[in-house]
Amino acid sequence: AAPRHTAQLLQAQAAVHRAIADLGQMEAKAFQAAADLRRAVQLRGFQQARDSGTPIRIVAISESDYDLAVANDKVTKANVAVGKAVVEQNQAGLTQAQTDLDFTVIKSPVEGVIVDRRVNMGQTVVAALNAPSLFLIAKDLSRLQVWASVNEADIGRIRKGMRVEFTVDAYPREKHEGRVKQIRLNAQMTQNVVTYTVVVETGNPDGKLLPYLTANVRFEVE
């Protein structure tokens, strides 16, 4: 789609340049018509002065020529207004073409690490009611969260800010620390067992902890 939108952008730019050039011609004609009208007004005034002072009628400009100068002045001014409107219309079309071209390039809203690519090379992606997910991006892997499932019998002893110690199967002899950040209220029921999700924040400065690792969590209640 990018080449087609690029061509449309070039066409919109050419239309804007053409409209600006046409407007310049219209303004030049309007300037000439205004000068002709001023000249006609002067000639008409000269005729009236000579008519009042002498019995001889001197016609410097006919009424038809004067009316024609007035009409040309109004027409050229109207053409200038139309030309300005055409320029604005083409500029709006240029903005739309630029927007359409920008939409052909998909940019990540954040900088980070790609965790998962959910589309294949050359795959057609169509955005209907829901925007498709192309990549899963981790913004900052130096800070991770542990989502722990806590039984309803124990959730009453969990508090925000509580110290947490956990291990992962990838490094079973290493202990990691964190703090409870959030206790989510959307409980899950599985085989009549209700569990709550507790979000634990932890640091990962060395990058050893990877997304989706299984953590064995111990909450320091007392």
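Just a few scattered comments:
- Residue in the stretch 209-222 that is without any contact (Cβ under 8 Å) to a residue 12 or more places away in the chain, exposed (fewer than 12 other Cβ atoms within 10 Å of the Cβ) and in a loop (DSSP other than H, G, I, E, B) present: yes
- Residues in the stretch 127-173 that are aliphatic (A, V, I, L, M) and out of contact with any strand residue (DSSP E or B) (no Cβ under 8 Å at 6 or more places or on another chain): 127, 128, 129, 131, 153, 170.
- The residue list 173, 179 contains one member that is closer than 30 Å to residue 222 by Cβ and surrounded by 12 or more Cβ atoms within 10 Å (Cβ to Cβ), which is 179.
- Some residue of the stretch 165-175 being more than 30 Å from residue 17 (Cβ to Cβ), out of contact with any Gly (no Cβ under 8 Å at 6 or more places or on another chain) and not in a strand (DSSP E or B): yes
- Residue 98 closer than 30 Å to residue 11 by Cβ, of a type in the set (S, T, N, Q) and touching a Leu at 6+ places or on another chain (Cβ under 9 Å): yes
- Residue, farthest from residue 97 (Cα to Cα), within the stretch 1-17, restricted to residues that are at pLDDT 90 or above and out of contact with any helix residue (DSSP H, G or I) (no Cβ under 8 Å at 6 or more places or on another chain): 17
- Checking residue 206 against (1) within 22 Å of residue 141 (Cβ to Cβ); (2) in contact (Cβ under 8 Å) with a residue 12 or more places away in the chain; (3) charged (D, E, K, R), the condition it does not meet: (2)
- Only one of the numbered conditions (1) open to solvent by 40 Å² or more (accessible area, probe 1.4 Å); (2) over 26 Å from residue 114 (Cβ atoms); (3) touching a residue at least 24 places away in the same chain (Cβ under 8 Å) is violated by residue 158, and that is (1).
- Whichever residue in the stretch 114-130 is within 19 Å of residue 104 (Cα to Cα) and open to solvent by less than 90 Å² (accessible area, probe 1.4 Å) and, among such residues, is modelled with the highest pLDDT: 119
The values are calculated or read from the model by the stated rules, or taken from the named source; none is laboratory data. The shown structure was predicted, so the numbers you read here are calculated from the model rather than taken from an experiment. Ideal geometry is used to build each Cβ from the backbone, glycine not excepted, and the neighbour counts take in all protein chains shown. These area figures cover heavy atoms from the full protein model, side chains too; ligands, DNA and RNA do not enter into them. Shrake-Rupley method; radii C 1.70, N 1.55, O 1.52, S 1.80 Å.
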